[in-house]
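Each remark here refers to the structure printed beneath this line.
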Amino acid sequence: MDCLEGMKLLDDCSVDLTVTSPPYNVDLGNNKYNKNPYNLYNDNREHHDYIEWLRKIFTLTYEKLKSGGRVCINIGDGKNGAVPTHSDVIQMMCQELKYIPITIILWDKCQTSNRTAWGSWLSPSSPSFPRPFEYILVFAKESKKLQYKGETDLTKEEFVDWSNGLWKFAPETQQRKIGHPAMFPEELPKRCIKMFSWKGALVVDPFM
């Protein structure tokens, strides 16, 4: 169902962690690179309307999080960086919704897609800058510290590697096989879940 309705079924202050990647508002299905649209969602909103829609969702998320609960948002900027979506989301989360910022992780996808989109070829007239990276924005409710003790299954090697703010792993490549137009790889939620919650935590993705 619509996550704005479905999330209301969750108990307030019950969620330990939200790990999610909102639709990127890039007109999925009608752009020349991807003909597989979402079946129920309009991915071509005015930017202001898109941010307002996210505000409603993360307002509900705040209500459902425990004190000290975290939110990890995987997001990319629009139009090869011309639309600073990640900056607008940070301002919305911290200034309007009172989340506490924890960190910004840069996800290096280890690829440079569409390297024929040069804009003005060999000219400073209007060059284009395709993005081989995305952001993982991490916030907390009321406290940066988890408010209860628990167990972790993090290994020493994982902690040392993942506590670096630059994560390098490939994006998902099986969208067509699995039938979703914009999947993130399992590695992304795995790292967020293990780094930001105890074993047994209740983890929610409103956009699943």
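Any read-out appearing in this document is the output of simple, stated calculations on the displayed coordinates, not a laboratory observation. Note that the coordinates shown come from a computational prediction; the quantities given were computed from them, not determined experimentally. When we count neighbours, we look across all protein chains shown, and the Cβ atoms used for this are built from the backbone with ideal geometry, even at glycine.
Structural remarks
- Straight-line cross-link partners of K56 among the aspartates and glutamates, defined as a Cα under 18 Å from its Cα and at least 8 positions apart when in the same chain: D2, E5, D11, D12, D43, E46, D88, E96, D205.
- Listed peptides 94-103, 191-200 by packing density, highest first (mean Cβ within 10 Å): 191-200, 94-103
- Residues in the range 137-154 carry Karplus couplings, in order, of 8, 10, 10, 9, 9, 6, 8, 6, 9, 4, 9, 8, 7, x, 10, 10, 10, 5 Hz; the curve used is 6.51 cos²θ - 1.76 cosθ + 1.60 with θ = phi - 60°, and Gly or Pro positions show x.
- Residue by residue, the range 84-100 carries 3J(HN,Hα) couplings of x, 4, 4, 5, 5, 5, 4, 4, 4, 5, 8, 8, 8, 9, 6, 5, 9 Hz when phi is fed to the Karplus relation 6.51 cos²θ - 1.76 cosθ + 1.60 (θ = phi - 60°); x denotes Gly or Pro.
- Pairs over the 30 Å Cα-Cα cut-off, from the set K8/K109; K79/K156; K145/K190: K8/K109; K79/K156.
- Taking amide H positions as modeled 1.01 Å from N, with prolines and chain starts lacking one, the residues under 5 Å from V204 and 5 or more places away or on another chain are L17, T18, V19.
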